[in-house]
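Engineer: Take this structure first; my questions come after.
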Amino acid sequence: MNIRVVKKTLKYAAIILLSLIILIVGGAFVVGYFYSDKVTTLVISELNKRIDTEVTTDKVSFSVLKKFPNASIEFENITIKSSKNIHKNDFKKTNADTLLQAKSLFLEFNIIDIIKENYTIKKINIENGKINILTDFYGEDNFQLWRNEIEKDNSSLKFELKDLQANNTKINIRNLIKGFDLRSNVKKFKLSGAFGSEAYFLESNFTAYIKRFAIDNIVYISEREVTTDVEMKVIKDTYSINRGKLNIAGMRLDIAGTINNNEKTEFDLNFKGKDLNIKTFLSLLPDQYTKNIDDYESSGRFYFDCVLKGELSKYKNPKIDVKFGVENGNVKNKKSNLELNNISLTGLFSNGDKHSSATSFIKFENLKSALGKSEFSGNLIINNFLNPLIQLALNTNLDLAEINNFFPIDSVEKINGNAKVLLKYSGKFTDFKNISEKDIQNSQLEGDIELSNMNLKLKSSNYDFTNFYGKGNFVKNNLSIESLNFMIGKNDFAFQGNLKNILNYILLENQNLKMNGKLSSENFILDEFIHSSESSSEQAILPKDIAFNLDINVKNFTYDKFVANQLSGAIYSEGSKLVAQNVLFSTMQGNVNGDAAIELKENGSLHFQCSANLQKIDVKKLFYTFDNFGQSFILDKNLNGKISAAVDYSSTWDKNLNIIPESVLCDSKLEITNGELIDFEPMTKLSSYIEVSELKHVKFSTLKNEIIIKDRIVTIPLMDINSTAFNIQASGTHNFDNEFTYRVKVLLSELLAKNAKKAKKENDEFSYVEDDGLGKTSIYLIIKGNPDNYKISYDTKSVKENIKQNIKTEKQTIKQILKEEFGLFKNDTSLINKTKEDKKIDFNNQKVNIKWDEENPDKVNFDDD
């Protein structure tokens with residue numbers, strides 16, 4: 001090709017293009033110059049006559065270039081108020097006062113029409129705006145803009161819309177009667193067609209971010225991007241969709257059908273989706289239902305077929321039927337790499353015969369899946385979305401380790417084993433968001449559960465629960481356990497009974513679990529629980545929301561050095577109190593039976609009380625087992641014999657399970673048979689006063705006494721220790737600081753008395769001895785101090801009669817306190833209330849103080865105050 005010809009052609013083309021530009025710009029200038037004011041004035045005048053609501057704008061301008069090839073009138077920062085009849089207070093959190101706000105609103109005209117003085121609006125364009133289309137509870141809307149009384153006139157301003165566009169505009173549509181709620185941010189919206197014709201093709205393109213789309217508060221789309229591409233044929237008021245594509249967050253649906261908008265609006269539409277992605281479909285659900293969806297990835301075939309048919313009006317909704325299903329589905333946990341595979345199900349959703357939430361239902365049928373060794377199958381039906389009726393049938397065989405790795409439970413640190421569950425459930429709820437106790441009570445639950453080789457470690461517990469084997473069945477709100485065997489540490493347990501109110505306990509707050517049955521154990525080692533706990537009284541007893549009534553049977557029970565065999569009884573909880581009744585066990589070659597109770601107080605302390613009978617307990621083993629009761633004055637090596645006792649005891653423990661000494665109250669009637677005191681140091685030191693070798697090893701057949709504990713003091717009333725060689729009478733006090741005072745009377749046989757007098761002549765010379773007239777001699781002594789530093793001195797016999805009476809009075813006081821606080825000694829006739837006549841004499845007015853002279857033990861001073 002000749003280069004000169006090419007250059008010449010390009011030159012002519014450039015000249016022509018430049019001429020066209022000059023012509024267009026010139027023409028635009030001419031049109032703008034001659035027609036701007038006329039068109040603008042006409043449009044404003046006509047709109048003022050026709051619009052029946054307030055309109056404000058900052059500026060109105062005419063332009064040929066902004067929307068070229070069309071001429072346009074631009075309203076800058078325009079606001080159109082809602083029509084007057086709407087009830088604005090019906091709308092919460094919505095600006096019902098305004099129909100439209102926009103940075104720019106353009107009315108577009110054909111330039112040639114303007115030159116011909118044919119002022120016809122062909123297109124409306126909204127940019128950077130906000131539109132509220134509202135219908136209140138009374139059926140009044142906010143978009144009735146035109147005056148009804150305007151008669152047909154011969155104005156040259158006409159509307160022949162062929163294009164309606166909106167860009168970067170928020171569109172909210174709310175119909176309170178229908179429960180319709182759409183909130184969207186529209187990136188691009190275009191609606192084009194010959195709107196004024198009786199028959200034409202209409203195209204719609206829509207790209208928006210849907211914040212919320214709900215009907216009757218059922219959310220169908222939330223926080224998702226939606227695009228549409230629709231072509232339809234319009235004949236009068238009937239719209240037939242020839243091509244319809246809907247894309248919701250990547251899920252593509254085909255749309256077909258008709259919309260009739262004649263006297264009433266009727267739909268006959270079909271939405272279909274094939275080979276859809278499961279994850280995409282699940283992501284369309286509201287976030288509160290899919291919080292952990294990002295931890296999983298899915299594959300498989302999902303299908304969707306929706307029919308929308310019927311009238312849409314103020315008081316009617318169309319019928320909605322949706323069929324869906326999954327085939328060859330797989331869901332993988334990205335953290336554990338475990339995969340739930342071979343998922344299959346068929347489903348159906350419908351808004352029912354009345355097309356409302358109350359008649360809506362959803363079904364999941366023929367659900368099947370597998371996870372490693374675990375298998376699932378079942379059906380689920382939910383009827384009535386306002387007051388849901390839930391029906392569930394479930395059949396599973398679970399590997400618990402795999403299940404927990406796939407669906408992690410926050411409270412579980414580790415779990416393994418197997419569980420078989422066969423359940424049927426039916427329950428109706430008045431409000432699914434606020435489940436009530438009545439809802440659960442009216443539910444029906446039945447089925448079987450079987451555990452095998454299950455092991456469990458909870459994050460909040462220091463214990464390992466192992467070797468679970470059990471069978472049970474659900475009946476309504478209860479779980480009946482046929483057998484359940486398990487271990488906690490080295491402790492084995494077997495349970496048979498019922499767990500009542502179990503559904504309420506699991507699903508509701510502030511509910512109690514009630515446990516009835518039999519609990520047995522071959523070996524129960526209490527040390528494991530005490531040492532594993534945090535030594536807190538709140539953790540030392542069962543939680544307040546678990547109530548139980550159990551018959552217990554423990555073959556071997558141990559705690560530290562304490563060992564009990566064949567322990568049996570009944571234990572039950574009552575609020576914050578734990579009670580044990582008819583407890584029996586063998587220990588230390590004897591037997592024990594009794595009752596006990598422990599109660600958690602509001603300040604966190606524990607109050608303990610018990611009433612027990614001991615029969616022929618080995619004294620040496622008793623002292624050894626309890627580490628000589630925390631004292632070193634008399635040790636297990638110093639004792640032999642069998643003890644029987646009736647004990648009433650109470651005390652309070654602080655939050656750290658330490659006994660509060662001042663709270664201890666005790667009354668113990670005891671009897672020791674075949675007793676021996678062996679190398680008891682205070683007894684051997686009596687040889688300084690009584691030269692008798694038998695004091696090193698005292699044997700006696702029977703010792704009876706009643707021990708009182710109050711105000712940190714152990715009070716020992718007068719008691720007799722009888723042997724063939726001599727008898728000893730002793731009494732005294734021993735406080736919790738290990739300080740004691742004992743008064744001892746030694747009654748010697750005639751032979752031993754002579755030996756004592758020979759060895760200690762001062763006994764006779766200073767009258768520390770007494771002859772009872774039957775050939776036996778008594779010596780009075782005081783033992784006072786503490787185990788590391790005590791003294792023995794002679795006592796005087798002048799106050800011996802007062803000792804017994806003082807002890808008796810103290811004993812009666814203890815009994816009265818225990819009776820009033822804990823209901824003990826109910827059958828003790830010695831606690832009869834005094835009559836008014838008995839109270840006439842006031843012995844408290846006669847105060848007598850007895851002062852012992854430590855330097856001269858014989859001297860006793862009686863002082864009247």
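The values are calculated or read from the model by the stated rules, or taken from the named source; none is laboratory data. Please read all numbers here as calculations on a predicted model, not as lab measurements. Positions of Cβ are generated from backbone atoms using ideal geometry, with glycine treated the same way; all protein chains shown enter the neighbour counts.
Engineer: Going through the stretch 353-367 one residue at a time, which ones are within 16 Å of Lys178 (Cα to Cα) and free of Cβ contacts under 8 Å to residues at least 40 places away in the same chain?
Structural biologist: Result: Lys354, Ala358, Thr359.
Engineer: Hey, Gln511 hits all of (1) farther than 24 Å from Ser568 by Cα; (2) surrounded by 19 or more Cβ atoms within 10 Å (Cβ to Cβ); (3) of a type outside the set (Val, Ile, Thr) but one; which does it fall short on?
Structural biologist: (2)
Engineer: Sort out for me the strands (runs of 3 or more DSSP E) sitting completely within the stretch 152-261 that have 3 or more residues that are surrounded by fewer than 17 Cβ atoms within 10 Å (Cβ to Cβ), touching a residue at least 12 places away in the same chain (Cβ under 8 Å) and among the aromatic types (Phe, Trp, Tyr).
Structural biologist: 199-215
Engineer: Just checking, does the stretch 593-605 include any residue being in contact with an Asp or Glu (Cβ under 6 Å, 6 or more places away or on another chain) and either within 30 Å of Asn512 (Cα to Cα) or among the aromatic types (Phe, Trp, Tyr) (or both)?
Structural biologist: The answer is yes; a qualifying residue exists.
Engineer: Further question: Whether any residue in the stretch 564-578 is modelled with pLDDT under 90, within 38 Å of the chain's Cα centre (by Cα) and under 30 Å from Glu739 (Cα atoms) is what I want to check.
Structural biologist: Taking the stretch 564-578 and keeping what is modelled with pLDDT under 90, we get 573-578.
Remaining after also requiring within 38 Å of the chain's Cα centre (by Cα): 573-578.
Those still in the list that are under 30 Å from Glu739 (Cα atoms) too: none.
Scanning the stretch 564-578, I find no residue that is modelled with pLDDT under 90, within 38 Å of the chain's Cα centre (by Cα) and under 30 Å from Glu739 (Cα atoms), so the answer is no.
Engineer: Of all residues in the stretch 107-145, which are of a type in the set (Ser, Thr, Tyr) and over 10 Å from Ile86 (Cβ atoms)?
Structural biologist: Tyr119, Thr120
Engineer: Within the stretch 620-628, is there a residue that is of a type outside the set (Phe, Trp, Tyr) and in contact with a strand residue (DSSP E or B) (Cβ under 6 Å, 6 or more places away or on another chain)? Before the answer, list the steps.
Structural biologist: First, pick out the residues of the stretch 620-628 that are of a type outside the set (Phe, Trp, Tyr): 620-622, 625, 627-628.
Retained after the next criterion (residues that are in contact with a strand residue (DSSP E or B) (Cβ under 6 Å, 6 or more places away or on another chain)): 620, 625.
Scanning the stretch 620-628, I find at least one residue that is of a type outside the set (Phe, Trp, Tyr) and in contact with a strand residue (DSSP E or B) (Cβ under 6 Å, 6 or more places away or on another chain), so the answer is yes.
Engineer: Out of everything in the stretch 579-601 that is assigned to a strand (DSSP E or B) and over 24 Å from Asn549 (Cβ atoms), what residue ends up being farthest from the chain's Cα centre (by Cα)?
Structural biologist: Looking at the filtered set, the residue picked out is Gly590.
Engineer: Also, quick follow-up: Taking Phe62, is it at pLDDT 90 or above, surrounded by 14 or more Cβ atoms within 10 Å (Cβ to Cβ) and aromatic (Phe, Trp, Tyr)?
Structural biologist: no
Engineer: Among the candidates Phe137, Phe109, single out the residue that is of a type in the set (Phe, Trp, Tyr), in contact (Cβ under 8 Å) with a residue 12 or more places away in the chain and in a strand (DSSP E or B).
Structural biologist: Just one listed residue meets the conditions, Phe109.
Engineer: Tally time: how many residues in the stretch 700-749 are out of contact with any Phe, Trp or Tyr (no Cβ under 7 Å at 6 or more places or on another chain), of a type outside the set (Val, Ile, Thr), under 16 Å from Cys666 (Cβ atoms) and part of a strand (DSSP E or B)?
Structural biologist: Final tally of qualifying residues: 5.
Engineer: Please enumerate the residues belonging to the stretch 385-421 that are over 29 Å from Lys433 (Cα atoms), among the charged types (D, E, K, R) and either surrounded by fewer than 17 Cβ atoms within 10 Å (Cβ to Cβ) or touching a Pro at 6+ places or on another chain (Cβ under 7 Å) (or both).
Structural biologist: Glu413, Lys414, Lys420
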